[in-house]
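A quick write-up on the structure given underneath.
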Amino acid sequence: MEVTQTEVEAFVIATVREVLDLPDREITPESDLRDLPGVESIKLLRVISKVEKRYGVELDDDVIFDSSTIAQIAAAIESAVAARAG
Amino acid sequence: MVSAARPSPVPAETNQHYDQPPDVFAHFLDARMKYSSGLYEDGVRGLDEAQERKLAFICDQLHLGRDGRLLDIGCGWGSLTLYAAAERGARVVGITPAPRQADYVRTRAAELGLAERVEVICAQIDEVAADLPAGGFDALAMVGSIVHFRDKAATVREAYRVLRKGGLVYLSESCFRNAARERAFAERPGTLFVRDTIFGWGELLPVSRYVAWFEDAGFSLTGLTDLSDHYARTIEDWRSNALRNRAQLEALEPGLTDRLVRYFEASNAGWGYTTKHYALTAAKRR
């Protein structure tokens, strides 16, 4: 499976909308997850878990606990998928 | 990224949470009302069987046989206390601080004809530990209870004291995944994880802390089992039961179902990322 960062970003955004129940809010790759309304640690972990399952990878702790933006998470997913393929 | 602050809870919440009427728990727990992880071994069909396997696992880990003397610290609704007495012929002392739980276990023991094998003490462990006889027990269990105790190191030392030489202890507990995760959350006390993963007030720790206390008390460690995936399945079954019994739960207290489901979902979000559930066994010997 090959993925582009844009594609992953779209999936992460869709997952954030679903988990945080924000169907209509504008969310961009640069959005800071911690600033979204209704955000809680458990919900963010659920987002991470869904994204990891979708792409079949496990992110490092520093990505999970220290990332702020959707772009950072998407980049880590994209490189984990590439590392597995390579 | 993962953080959320909430006010620090107080110890009294342990009693409040566990001292709700048995009806509440009967609507989502298994038939024995075991409020901790099951064991979903191959061939297990559903929560009741998973909990029975887990009780057998605990008794096996403790080498519990006929007339074996078991101290069950934090006996809850008595699943292990009653199982050990009924299925293994053990003589059991259960301890719980919740009066409703103590009454329930005594009543069930009488109904099952186990009154002579089961004694229930209604107290906090640190109130009664000194009254328990040194070397008076062959086995000791703390199933998801030590997280609620005020002085955990002292409780482990008491466990050592009340066991006979060669006696065995079983402890299972939800833990931080490692010291790094503990540090991250210690900077934000009262996080959702600390509260919601352990059902009632408690202090979540990495398992390494427990290991050190067991070593320091004089125990030899005999086993460590990762039960995290089993707890995730257990909680998923509790969640399904709560949703299926929504009408009965709402009749007891409006809004209860959603609160429970939220508890369960919060707990299950953390396994592997921030939390683990371990069973630790140790022996009183060099």
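The values are calculated or read from the model by the stated rules, or taken from the named source; none is laboratory data. The structure displayed is predicted, hence computed values, not measured ones. Here the Cβ is made from the backbone with ideal geometry for all residues, glycine too, and neighbour counts use every protein chain on show.
Observations on the model:
- Taking segment A:35-51 as the range and being in a helix (DSSP H, G or I), within 11 Å of chain B (Cβ to nearest Cβ) and surrounded by 18 or more Cβ atoms within 10 Å (Cβ to Cβ) as the test, the residues that pass are A:Ser41, A:Ile42, A:Lys43, A:Leu44, A:Leu45, A:Arg46, A:Val47, A:Ile48, A:Ser49.
- Once segment A:9-34 is narrowed to residues that are over 22 Å from A:Asp61 (Cβ atoms) and not in a loop (DSSP other than H, G, I, E, B), the residue that is nearest to the other protein chains (Cβ to nearest Cβ) is A:Glu18.
- Filter pass, A:Ser68 being under 23 Å from B:Phe176 (Cα atoms), within 14 Å of chain B (Cβ to nearest Cβ), of a type outside the set (Val, Ile, Thr) and in contact with a Gly (Cβ under 9 Å, 6 or more places away or on another chain): no
- Filter pass, B:Val93 being in contact with a Gly (Cβ under 6 Å, 6 or more places away or on another chain), of a type in the set (Val, Ile, Thr), crowded, with 20+ Cβ neighbours inside 10 Å and not in a loop (DSSP other than H, G, I, E, B): no
- The set of residues from segment B:272-286 being hydrophobic (A, V, I, L, M, F, W, C) and either without any contact (Cβ under 8 Å) to a residue 24 or more places away in the chain or crowded, with 21+ Cβ neighbours inside 10 Å (or both) comprises B:Ala279, B:Leu280, B:Ala282.
- Scanning segment B:259-286 for residues that are farther than 23 Å from B:Lys54 by Cβ and either more than 14 Å from every other protein chain (Cβ to nearest Cβ) or part of a strand (DSSP E or B) (or both) yields B:Arg259, B:Lys284, B:Arg285, B:Arg286.
- Positions within segment B:96-123 being of a type in the set (S, T, N, Q) and more than 18 Å from B:Phe137 (Cβ to Cβ), in sequence order: B:Gln101, B:Thr107
- Of all residues in segment A:61-86, those satisfying the criterion of being in contact with an Asp or Glu (Cβ under 7 Å, 6 or more places away or on another chain) and either closer than 25 Å to B:Thr275 by Cβ or surrounded by 15 or more Cβ atoms within 10 Å (Cβ to Cβ) (or both) are A:Ser68, A:Thr69, A:Ile70, A:Ala71, A:Ala74.
- Taking the conditions (1) away from chain B (no Cβ under 14 Å); (2) assigned to a helix (DSSP H, G or I); (3) under 12 Å from the mean Cα position of the chain (by Cα) in turn, A:Ser79 satisfies each one other than (3).
- In segment B:133-146, the residues that are among the hydrophobic types (A, V, I, L, M, F, W, C) and modelled with pLDDT of 95 or more: B:Ala134, B:Phe137, B:Ala139, B:Leu140, B:Ala141, B:Met142, B:Val143
- Of the residues making up segment B:232-270, those that are crowded, with 21+ Cβ neighbours inside 10 Å, touching a Phe, Trp or Tyr at 6+ places or on another chain (Cβ under 7 Å) and under 22 Å from B:Phe185 (Cα atoms) are B:Phe264, B:Gly270.
- Selection from segment B:69-91 of residues that are of a type in the set (D, E, K, R) and over 9 Å from B:Val118 (Cβ atoms): B:Arg69, B:Asp72, B:Glu87, B:Arg88
- Subset of segment B:5-59 that is surrounded by 18 or more Cβ atoms within 10 Å (Cβ to Cβ) and among the small types (Gly, Ala, Ser) - its residue that is modelled with the lowest pLDDT: B:Ser36
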